[in-house]
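Peer 1: Dropping a structure here in structure tokens format, bear with me for questions.
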Amino acid sequence: MVKKEDVKVEETTETPVEETTEDKVEEKQTETKKQTKDERITELEAQVEELKMDYLRGRADYDNFRKRSQEELINARDKAVVRFVEDLLPSIDNFEMSLKMTENQPMFVKGVEMIHNNLVELLKSHKFEEFTAKVGHDFNATLHEPIPVDSDKEEGKVLAILKKGMKHKDRIVRPVRVNVKKV
């Protein structure tokens, strides 16, 4: 018979081999690349956001400029029209005086009335309107141009209306010319 020998088998356990320096360097480079990419993405996102804000500011500036330009154009147009009407008003006043002096010549009066009415309608079509004062009412320095006269009437009251006033929208083009008691 064969004798069994006790054979001892040595077990060898593998201990992990330490990572080589090369592996560590490679891992660090990968980590650094990832970190660099993340930083770059964050940087680019910040730039995109900044460009977006610059665009929005530029757009807002342009819109404000456009609105301001439109307002300035409207104001310039209104001022030009007002200057024209200021020059036109004496002619309308002369028509009114002529009408008062020529009441006994009906055809002439009718022609002058037609011209006067056309001019007044032209003014109305450009948002001008006549306004007047009432005799006996209080004098208003904003709406009235005073022409002082000697009178025994009450001070600060309108005594007579000499010329009608003219408004363009909310602006007084010409105040109503009125007589008031001389102080």
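Peer 1: Can you match P(r) over Cα pairs in 10 Å bins from 0, in percent to one of these, (1) 7, 16, 15, 11, 7, 6, 6, 5, 5, 5, 4, 3, 3, 2, 2, 1, 0, 0; (2) 8, 23, 22, 17, 13, 9, 6, 3, 0; (3) 8, 23, 30, 23, 11, 3, 1, 0, based on a calculation from the structure here?
Peer 2: (1)
Peer 1: Apply the Karplus parameterisation 6.51 cos²θ - 1.76 cosθ + 1.60, with θ equal to phi minus 60°, to every residue of the stretch 50-60 and state each ³J(HN,Hα) to the nearest whole Hz, in sequence, with x for glycine and proline.
Peer 2: Coupling constants for the stretch 50-60: 5, 5, 4, 5, 4, 4, 5, 5, x, 5, 5 Hz.
Peer 1: Calculate, in nm to one decimal, what Val48 and Glu71 gain on full extension: separation in residues at 0.36 nm each, minus their alpha carbon distance.
Peer 2: Gain on extension, Val48 to Glu71, equals 4.8 nm.
Peer 1: Further, regarding this structure: Do the alpha carbons of any pairs in Lys100/Lys164; Lys127/Lys163; Lys79/Lys163; Lys100/Lys163; Lys100/Lys182; Lys134/Lys169 sit beyond 24 Å of each other, and which pairs?
Peer 2: From Lys100/Lys164; Lys127/Lys163; Lys79/Lys163; Lys100/Lys163; Lys100/Lys182; Lys134/Lys169, over 24 Å: Lys100/Lys182.
Peer 1: The stretch 122-183: which trypsin sites (Lys or Arg not before Pro) are DSSP loop and have at most 12 other beta-carbon atoms within 10 angstrom?
Peer 2: Listed in order of number, the matching sites are Lys127, Lys134, Lys169, Lys182.
Peer 1: Tell me which lysines have Cα within less than 30 Å of Lys33's Cα, excluding those fewer than 8 residues away on the same chain?
Peer 2: Answer for Lys33, where 30 Å is the Cα cut-off: Lys24, Lys52, listed by chain and number.
Peer 1: Report the charge-dipole magnitude of the stretch 127-183 in Debye, nearest 20, computed about the Cα centre from +1 at each Lys and Arg Cβ and -1 at each Asp and Glu Cβ.
Peer 2: Result for the stretch 127-183 is approximately 320 debye, rounded to the nearest 20.
All of the numbers you see were taken from the coordinates with simple rules; none came from a lab. This one's a predicted model, so the numbers in the text were calculated from it and none came from an experiment. All Cβ positions, even for glycine, are placed from backbone atoms using ideal geometry, and neighbour counts span all protein chains on display.
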